[in-house]
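For reference, the structure discussed in these notes is given below.
The values are calculated or read from the model by the stated rules, or taken from the named source; none is laboratory data. It should be emphasised that the depicted structure is a prediction, and the values quoted were computed from it without experimental measurement. Backbone-built Cβ (ideal geometry, glycine too); neighbour counts: all protein chains shown. All accessible areas refer to the heavy atoms of the entire protein, side chains included, with ligands and DNA or RNA removed. Shrake-Rupley method; radii C 1.70, N 1.55, O 1.52, S 1.80 Å.
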Amino acid sequence: MEETLLKERLRKARTVAVLGAHKDPARPAFYVPQYLFQAGYRILPVNPRFAGEELFGERVLGNLREIQEPVDILDVFRPGSALPAHLPEILALRPGLVWLQVGIRNPTVEEALLGAGIPLVVDRCLIVEHRRLLGT
C-alpha cells in the first residue's frame, strides 16, 4: 500500500479488531493492541481461548462473526497456514484494511482479499509503521 494512503488510513481509523489477541504481555498479540489502545484506538480482541474475558476494555470475542460493527483495521496474529479458515469471516466482515503482522503470509488468502477489494498490508509490524508514519 502506498505510504501516504497508509498514513491516512492509520490517522482516520478508530476501531481495530485483533484476530489472535492474547493475554500474555510478552507476546506481540498483546503488546501491539495495547500500544494501539493507548494511542486511542478501540480494540476488539478476538480469540476463542479467551472468549468472554476482558482485554483493552472490551469483551474478547470467539470469532470474527461476533463483530457487529464496522472495523477500520483487522490486525492478524494467526499463522499463515490458519488464514484460509478465517477467510470467509474476513470477507464477510469487510474491514477497511487487513494487516498481516511480520512473518504472516498466505498468498492464496492475500490474493482473495485483494480480489475482493480489501486493502492489505503484509509482513509489517503495526507498531513500527504507526510510530514511523504518525510519530507517536
Global geometry of segment 1-63, whether rounded, prolate or oblate, following the gyration tensor of its Cα atoms and the 1.5 cut on a/c: prolate
For segment 34-96, just say rounded, prolate or oblate: build the C-alpha gyration tensor, square-root its eigenvalues into a ≥ b ≥ c, call rounded for a/c under 1.5, and beyond that prolate if a/b exceeds b/c, oblate if not. prolate
Using the Karplus equation 6.51 cos²θ - 1.76 cosθ + 1.60 (θ = phi - 60°), what ³J(HN,Hα) coupling, rounded to whole Hz, does each residue of segment 77-86 give in order, writing x for Gly and Pro? 10, 10, x, x, 5, 8, 5, x, 5, 8
Spelling it out for L120: with amide H atoms placed in the peptide plane at 1.01 Å from N, the residues 5 or more places away or on another chain with amide H under 5 Å from its amide H are V98
Residue farthest toward the positive end of the dipole of the chain, with Cβ of Lys/Arg at +1 and Asp/Glu at -1: which of P84, V60, V32? V32
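Hey, can you find the accessible area per residue of the chain for me, probe 1.4 Å, expressed in square angstrom?
Working: 6740 Å² over 136 residues.
Averaged over the residues of the chain, the accessible area is 50 Å².
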With all protein chains present, the chain has a carbon and sulfur share of its accessible area (1.4 Å probe) in percent of 52 percent
When the expected Rg is taken as 2.2 N^0.38 Å, what fraction or multiple of it is the alpha-carbon Rg of segment 6-121? 0.97
Quick one: Karplus J couplings for segment 111-117, per residue in order, coefficients 6.51, -1.76, 1.60, θ = phi - 60°, nearest Hz, x for Gly and Pro? 4, 5, 5, 4, x, 8, x
Taking the Kirkwood radius as the inverse of the mean 1/r across Cα pairs, report the Rg/Rh of segment 60-136. 0.96
Please state the shape class of segment 94-136: rounded when a/c is under 1.5, otherwise prolate if a/b exceeds b/c and oblate if not, all from the C-alpha gyration tensor. oblate
Once exposed loop GluC sites (Glu not before Pro) are cut out (DSSP; at most 15 other Cβ, 10 Å), longest piece of the chain: 54-136
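Just how large is the dipole of segment 8-136 about the Cα centre, in debye to the nearest 20, putting +1 at every Lys and Arg Cβ and -1 at every Asp and Glu Cβ?
Numbers: 16 positive and 14 negative charges, 52 e Å.
It works out to roughly 260 debye.
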